[in-house]
There are 2 protein chains.
Amino acid sequence: MEMIRIFAPATVANLGCGFDIMGMAIDGVGDVMEVSVGEGTGLAIKNSSDVALPDDVEGNVMTPAVRALLSAYGQNKRVEINILKKIRPGSGIGSSAASSAGAVVGVNELLGRPFGAVRLVEFAMEGESLIGGGAHHADNVAPAIMGGVVLIRGYSPLDIIQLPIPDNFYTAVVHPHITVTTCEGRGVLPREIPLQTAITQWGNVGGLVGGLALGDMALVGRSVRDVVAEPARKHFIPGYDELKHRALAAGALGVNIAGSGPAVFAVVDSMEGANELCEVMKAHFMALGIEADVYPSKISGQGARVV
Amino acid sequence: MEMIRIFAPATVANLGCGFDIMGMAIDGVGDVMEVSVGEGTGLAIKNSSDVALPDDVEGNVMTPAVRALLSAYGQNKRVEINILKKIRPGSGIGSSAASSAGAVVGVNELLGRPFGAVRLVEFAMEGESLIGGGAHHADNVAPAIMGGVVLIRGYSPLDIIQLPIPDNFYTAVVHPHITVTTCEGRGVLPREIPLQTAITQWGNVGGLVGGLALGDMALVGRSVRDVVAEPARKHFIPGYDELKHRALAAGALGVNIAGSGPAVFAVVDSMEGANELCEVMKAHFMALGIEADVYPSKISGQGARVV
């Protein structure tokens, strides 16, 4: 069997206002896995990482993703995946999306790239449907596969747009070691929202996309707002209002919850700023007795890839 | 008294998905007015156009707009405005916004331009508050003053962003001679909307702003959708579904209601396309026994100005 090693980046979904429709890849943190494809049938997943994962292959998000790809490919293959490094599940930075993305990108590579990026996103979404209460979302898998900042304009049909990335777009992500599952995060959302709230949200979506396009990081920052999910989800994150206040005071252009949390991201226009914000946000959780990982990162255009 | 002549363009608000937050200026149709400023006090408005307007100066949208400007200026002046040409009120293409915009741009010019565009938008919004049930909106006045395609990210504080305009951005606007007031148009809107509907809408807002920024007219066209106001307002427009179907079949990239209607606009990527769509849309209303004006236009970056 031929084997390659794949890196699949962590991702921040929603970006504040872009609930369910936007996400971005964070470079420097992600899953690393060995993917092998050969003759035969069946999928074997081995976990060599230091993170606990379901033992049952049926419980792994990579399984439906790989099966969807092979089904579209039309030939049975033997696939083996060895997970070397894993984003902690429940972090809010696209742990399951990185797994699905890495698996489909790896298998596609070994099959000679029969599928383009959008098809790979569709396959990886099958993995996402295992979590999140059966809902299909692409706001983590699309940036995990395609890299950069991605807009999912619509789902039927899937319409994915790669947005311009300002040269000075950096982020600081903090992951406190508490767990919020995607299901929990979804459970607190309202089913209906006031029209006026929705208008505020789509004004910010316009501002965020406009800011990326115009290379205006101040506009990006003040558009990273969320009047829909953040008010409902912030209670999962200890001292969230105080954390946000401190990060903004320390120079963050915008701060919000990554995906359904508990990770929090800040937007900033320099690597020094990202490093400093990581320290500020980590200190916040340490003071509360909560361990936290931090990831300062430039936003790059690279998605899951052979390394 | 010094006098200048001002042209203030018609505008299409909402652009489908961008309800209350987006609008664009249409060149070639608008208000024309003579504006005079001199020593003294009081505002006189003369209507030399062929459109009926309120006789009472207190009922004219220009009055609160001009007063707001003079109040900020801090000196009393005599202002006289003679309306030569007027967009028909109730058309849906920013008739009142053009009046307010032309008035404040003209007075500002004669005072030596003490105010920038955003301040002028704020003054003109005072005019808009006379209509529309007291609500403050800038999605017509902002493009009428600034030109091009404008995003109002938020209202407190007013955050207006001029978006890039693709070179091949054209529109066809049809104004059937039926009247829908802004109040009527607002009265049918839901107060709450399902979260899923809101997500669809802000996905399209992202697509529309992204399409403008990327110069992707196909993306602009498929993002000019509205799952919030169009379903409620289309019943004011005779045969709307059929009209839309015909325009799309004739090559429109997107079709929607201009503002609160009854005008309808189509998005297209050539002037020939805009001309053809105007014919198709006019024929639709003529067949129903309804007179209609049409305006094919390139989207230009020019707002209200001295002519």
In chain A, with Lys and Arg counted as +1 and Asp and Glu as -1 at Cβ, which of these residues, A:VAL32, A:LEU243, A:ALA232, has the Cα nearest the positive end of the dipole, that is, farthest along it? A:ALA232
Treating only the Cβ atoms of Lys and Arg (+1) and Asp and Glu (-1) as charged, compute the dipole magnitude of the range A:2-163 about its Cα centre; round to the nearest 20 debye. 180
Can you list, shortest first in nanometers, how far B:GLY116 lies from the same residue in the other copies, with each label 7 Å from Cα toward Cβ? 4.3
Can you give the angle from 0 to 90° between the axis of helix A:195-214 and the longest principal axis of chain A, with both taken from C-alpha atoms, to the nearest 10? 70
So what are the ³J(HN,Hα) numbers for the range B:231-248, from phi and the Karplus equation (6.51, -1.76, 1.60; θ = phi - 60°), rounded to whole Hz, Gly and Pro as x? x, 7, 9, 5, 5, 6, 10, x, x, 4, 4, 5, 4, 5, 4, 5, 5, 5
Tell me, for the rotation carrying B onto A, which chain B residue has the beta-carbon closest to the axis and what that distance is in whole Å. B:ALA213, 2
Return the single residue from A:GLU192, A:GLU109, A:GLU122 with maximal mean-square fluctuation; model: Gaussian network over chain A, springs between Cα atoms under 10 Å. A:GLU192
Please list B:204-216, A:288-300, B:6-18 highest first by mean number of surrounding beta-carbon atoms within 10 Å per residue. B:6-18, B:204-216, A:288-300
Per-selection metrics, the range B:170-298 (Cα): Rg and Dmax in Å: 14.6, 41
Given 20 °C, 1.002 mPa s and a Kirkwood radius over Cα pairs, the Stokes-Einstein diffusion coefficient of the range B:101-228 in µm²/s is 128
Per-copy distances of the B:GLY42 label point, shortest first, in nm (7 angstrom along Cα→Cβ): 9.8
Given unit charges at Cβ for Lys, Arg (+) and Asp, Glu (-), the dipole magnitude of the range B:160-307 about its Cα centre in debye, nearest 20, is 320
Taking Cα atoms, the helix A:95-110 axis meets the longest principal axis of chain A at an angle in degrees (rounded to 10) of 40
Show me the three semi-axes of the equivalent ellipsoid for the protein assembly as shown, from the C-alpha gyration tensor (sqrt of 5 times each eigenvalue), largest first, rounded to whole Å. 50, 27, 18
For B:GLN75, go 7 angstrom from Cα along the Cα-to-Cβ vector, then report the distances to that same point in the other copies in nm, smallest first. 8.4
Amide H neighbours of B:MET22 under 5 Å, at least 5 residues apart or on other chains, H built in the peptide plane: list them. B:ASN14, B:ILE152
Along the range B:54-67, Karplus-curve 3J(HN,Hα) (6.51, -1.76, 1.60; θ = phi - 60°) to the nearest Hz, with x for Gly and Pro, reads x, 5, 6, 4, 5, x, 8, 5, 5, 4, x, 5, 5, 4
Let's see if you can work this out: charge +1 on each Lys and Arg Cβ, -1 on each Asp and Glu Cβ, no other charges. What is the dipole magnitude of the range B:1-62 about its Cα centre, in debye to the nearest 20? 160
Value of [θ]222 nm, deg cm²/dmol, for chain B, DSSP H segments ≥ 4, -39500 (n - 2.57) each, nearest 500: -11000 deg cm²/dmol
What are the principal axis extents of the Cα atoms in the range A:1-71, in Å, biggest first? 45, 26, 23
Among B:VAL255, B:ALA283, B:SER300, which residue has its Cα furthest toward the positive end of the charge dipole of the range B:247-307, with +1 on Lys/Arg Cβ and -1 on Asp/Glu Cβ? B:SER300
Please compute the average number of Cβ atoms from other chains found within 10 Å of each residue's Cβ in peptide B:189-199. 6
Near the amide H of A:GLY254, under 5 Å away, which other amide H atoms are found, from residues 5 or more places off or on another chain, if H is placed in the peptide plane? A:VAL267
Which percent, to the nearest 5, of DSSP beta bridges fully inside chain A are antiparallel? 90
So who's got an amide H within less than 5 Å of the one on A:ILE87, skipping anything under 5 residues away but keeping other chains? H placed 1.01 Å off N, in plane. A:ASP31
Extent along principal axes [Cα atoms of chain B; Å; largest to smallest]: 57, 41, 37
Taking only C-alpha positions in the range A:2-163, Rg and Dmax in angstrom work out to 14.3, 46
Work out the charge dipole of the range B:83-224 with +1 on the Cβ of Lys and Arg and -1 on the Cβ of Asp and Glu about the Cα centre, then indicate which of B:LEU163, B:ALA138, B:THR179 is farthest towards its positive end. B:THR179
If the cut-off is 23 Å between C-alpha atoms, which lysines fall inside it for B:LYS244, apart from same-chain ones fewer than 8 positions away? B:LYS234, B:LYS282, B:LYS298
What's the ranking of A:256-269, B:73-86 by average number of surrounding C-beta atoms within 10 Å, highest first? A:256-269, B:73-86
Burial-style ranking of A:140-152, A:232-244, average other-beta-carbon count within 10 Å with highest first, yields A:140-152, A:232-244
Output field shielding_mean for A:209-219 (other chain Cβ, 10 Å radius) holds 5
Can you give the mean number of other chain Cβ atoms that lie within 10 Å of the Cβ atoms in peptide A:19-32? 2
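Computed from the coordinates by the stated procedures, all read-outs in this text should not be read as laboratory data. Everything numeric in this text was worked out from a predicted model, so none of it was measured. All Cβ positions, even for glycine, are placed from backbone atoms using ideal geometry, and neighbour counts span all protein chains on display.
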